[in-house]
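Bear in mind these aren't lab numbers, they're just calculated from the coordinates by the rules spelled out. Just so it is clear, the structure is predicted and the values come from calculations on it, not from any experiment. Cβ placement follows ideal geometry from the backbone for every residue including glycine, while neighbour counts extend to all protein chains displayed.
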Amino acid sequence: MTLQSIWDPEVDFGTPAVRDAVDTVSVSIDGRTVEVPEGTSVLRAATEAGVSIPKLCATDSLKAFGSCRMCLVEVDGAKGVPASCTTPCSDGMVVSTQTPAVQELRRNVMELYLSDHPEDCDGCARGNCEIQAMAVQVGAAEVRYGRPATRTEVAHPHAIDESNPYFAFDASSCIVCSRCVRACADTQGTFALTVEGRGFDSIISAGGTDFLASECVSCGACVQACPTSALQEKSVVQLGMPTRSVETTCAYCGVGCSFRADVQGDGPDAKVVRMVPSKNGGANEGHSCVKGRFAYGYAAHKDRQLSPMVRDTIDDEWRKVSWDEAIAKVADGFKALQAQHGVAAIGGISSSRCTNEEVYVVQKMVRAAFGNNNIDTCARVCHSPTGYGLKQTFGTSAGTQDFKSVEKSDVILLIGANPTDAHPVFASRMKRRLREGARLIVADPRRIDLVRSPHVEAAYHLPVLPGSNVAFVNSMAHVIVTEGLHDEEFVRERCEDADEYLAFIADASNSPEAMASATGIDPDELRAAARMFATAGNGAIYYGLGVTEHSQGSTMVMGMANLAMVTGNIGREGVGVNPLRGQNNVQGSCDMGSFPHEFPGYRHVSIDHVRATYEQLWGRTLDPEPGLRIPNMFDAALAGTFRGLYVQGEDIAQSDPNTQHVEAALRAMDLVVVQDLFLNETARFAHVFLPGTSFLEKDGTFTNAERRINRVRPVFPSKVGMDEWEITCAIGRAMGFDDMRYAAASEIMDEIAATTPTFAGVSFARLDELGSMQWPVYDEKSTGTPIMHIGEFVRGKGKLMETVFVPTTERSTRKFPLILTTGRILSQYNVGAQTRRTPNNTWHPEDVLEIHPADAEVRGISTGDLVDLSSRVGSTTLRAQVSERMPAGVVYTTFHHPVTGANVVTTENSDWATNCPEYKVTAVQVGVANVRGESAVAESREPADSHA
């Protein structure tokens, strides 16, 4: 294996060349003339000229540093021998890279590196240590000062730091090149690593402690940057070097990072050695987080179910069966329920963790084989207000920008989102822009890390009380309009209903002073923040579930769209309204027609010509009436009219609100079919379990939060013998709908493209060629649309909506005086089914309840105490953490552990337009727990193997 195949370096070292720059310069390098944009480093120019210059501290992902002294060159007319990575090209420059003086200097420098680099370096032995390869390149065969034979013979031997579960740090193999330090600072933005000491005493330090106890977030940037084996994945040591690689896409959050899976072996038993973030990934550009980089082991976890299973009642034991028997039981059972209770007695739920192709065939099966529109998706419980609100105002149900756009933002308004925990790779990009001078406004009841973190501090933290988002955004817009800070020209030329909206928002009832009792925000602070945003130049809005999971979620999305329009912050880089989607394919599952009222592409089922397209293709008459949403399915099940449910990759018994209500509905059904990797909480109520495939086995596409369609490629064949889309299609055919035959997943995308205008130019072949595309892709000439609404909105003119603030009915009472809101933690993901089955549990072994000191004191609660958390619908027990991150009167927890089951206490309240649950506002009481909580919390530290 060559050095290039290991580190995959690109040519962008030092000052990057700007391809669209007007001014270019001509440079001669070792007699080869090359034209490069002005400002290009000599190192990059040499690479483009086909001249190889040795380098250690320079990488394609870090700013030029010039410390290693290996890339020295001679420049005619210049004094000394400058580092080529930090030397910009000038017109007529003549560079020599291999003069005797330069070669001698490089050999001398390399001897110094080798003099304290052990011969038994594990990286040297494996062939992935740059020192060894470079020593050969520069001809440093001998070391005059001697070279230590083993790591114990170096000048200052150190014990190996094994504290991190995924990688180890061997300081004895470290050459203190500082690449890891710079990666932690420049790429990740955590600043956890430093260089301590001087000369031979220099050592890389994780804040004076071990890696696990430090501020390190285990993103892997330091491991990726290390040129030796000083920082190395433990998996590489255990398994050895990979034999092949596959480009694919992460299956965690909505950032959609691209990875190269380095694999050892072939077939279903092949092993992933490591996941390397792809430098060509449009969303991540070579960066990663602890989940995507390291937490892939769940795919081979012992809990994973690999065989179909059936049982007659939920009290029976599971019985393993063949695929033919399982599919027949599902098809025959659903047909029997329809014959007895009517065609609408069954339905399906698709998953935002599955590919576009898998989700598409589920909605196709429901509409054509089931004969109804009873199809919904787990996106209902997170971002359905995004789809509704943005479609009403802008004309399309998705965010307006690509992630790279934030690099042009001047002021960022972050509402109800915690990117450092939930979208860490995008957070690193945002923090980099903030360090460059952009300003940040955080609107969140909790003091998230971005309010104050290393080298980043928000200009304003507006602790908006849960449930008052609409009051907050109306007050922002009120200040901007009444003080004449709005973009009058943009509003008049590109928006409709301007007069009505401007009159509505200017009313005194929307002022910060009038809304202060609802929002809890100091009016002066809010006014100052509004002025900053309005006068920003480029003002961008980013938001998360703290916006959508409210009874007025859709109203708030429209309110943010109003704010962007009145300030003219739409239709160019650095601006826009940008939802940070929670799961890997939330956007895609919505795009693919997973709602009961919409076909793929967000087209209503009642539109005759749209329905006719599918009727002609599928050969079935389709229902023009919307079907049941998930909450309606549950209500109908309890009423006896909804009898059977197909659940694809979603643990509704843990993730949906009011758990007792969900479980009662599942018990009331005659046939519940669960398709998943593990026997989850929902499987406790299932009659058929169909094993699913991990992302490492999938062939298809995910669509991330920026509308980017990324290829997902199988690293090894399905461990269960069938692909998930094949399972769904087999059920449809068994129910009598024969038009569910595809030779490959690519044919499903071809059908999507043929029937969905925004995907018309998408195919696997084009994605393989281009890497990714952002819809809309209207034809095969288009490469996608990174920025939406340039010149005009998708709907023509943007629609300014009157967003009346309606307080939620869920309010604190004498019995339940506190308000609970929920969120996520960096190391865990969603309901934890995947991450709890990895060493990520090291950082978050249980959900805890954050409570303000004032609220804790009156209840006699200290950090570490077991507490009872109760609402009007249920109760649970967990540990307390006394913290001032929440305001008094508000408590906070995560929902990653099923034993804690935070959704036991969340209520049935939901968004008025979409039924998205109001997870973020629940009236609760907290008290010291009784003894029963001890075992419950102890159990929560272990993965939930099976509750069936």
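Observations
- Packing-based exposure ordering (other Cβ within 10 Å, fewest first) of Cys354, Cys378: Cys378, Cys354
- One decimal place: the segment Ser322-Ser517 gains 64.0 nm when fully extended, by the rule 0.36 nm per residue minus the C-alpha distance.
- Note on Arg572/Ala744: beta-carbon distance plugged into 1/(1 + (r/R0)^6) with R0 of 35 Å gives a FRET efficiency of 0.30.
- Cross-link reach is defined here as a Cα-Cα straight distance under 12 Å, omitting same-chain residues fewer than 8 places apart; for Lys329 the aspartates and glutamates meeting it are Asp312.
- Pairs from the list Lys63/Lys279; Lys279/Lys431; Lys63/Lys431; Lys335/Lys698; Lys271/Lys719 with a Cα-Cα gap above 22 Å: Lys335/Lys698.
- Positive-end extreme of charge dipole, the stretch 256-340 - chosen from Leu337, Ala283, Val321 (charges on Cβ): Ala283
- Simple spin-label estimate for Ser96 and Ser509 in nanometres, 7 Å along Cα-Cβ: 8.2 nm
- As a proxy for reagent exposure, ranking Glu233, Glu436 by other Cβ atoms within 10 Å from fewest up yields Glu436, Glu233.
- Sorted ascending by nearby beta carbons within 10 Å, beginning with the fewest, Leu666, Leu849, Leu306, Leu239 become Leu306, Leu239, Leu666, Leu849.
- Neighbours of Phe169, meaning other residues whose beta-carbon lies under 10 angstrom from its beta-carbon, give a summed charge of -4 when Lys and Arg score +1 and Asp and Glu score -1.
- Net charge of neighbours whose Cβ lies under 14 Å from the Cβ of Lys271, counting Lys and Arg as +1 and Asp and Glu as -1: -1
- Cα coordinate range in the chain, projected on the principal axes (Å, largest first): 89, 69, 65
- For the chain, the residue among Val479, Cys257, Val924 whose Cα projects farthest onto the positive side of the dipole built from Cβ charges is Val924.
- At least 18 Å along the helix axis (C-alpha) and Kyte average at least 0.5, DSSP helices within the chain: 469-482, 553-566
- Entry note, the chain: the mean residue ellipticity at 222 nm calculated from DSSP H runs of n ≥ 4, each adding -39500 (n - 2.57), is -8000 deg cm²/dmol after division by the residues and rounding to the nearest 500.
- Reach of Lys815 by Cα under 15 Å, taken over aspartates and glutamates that are not fewer than 8 positions away in the same chain: Asp855, Asp868
- Here the Kirkwood formula, the inverse mean of 1/r across different C-alpha pairs, assigns the stretch 384-579 a hydrodynamic radius of 16.4 Å.
- Net charge of Cβ neighbours under 13 Å - reference Gly544; Lys, Arg +1; Asp, Glu -1: +1
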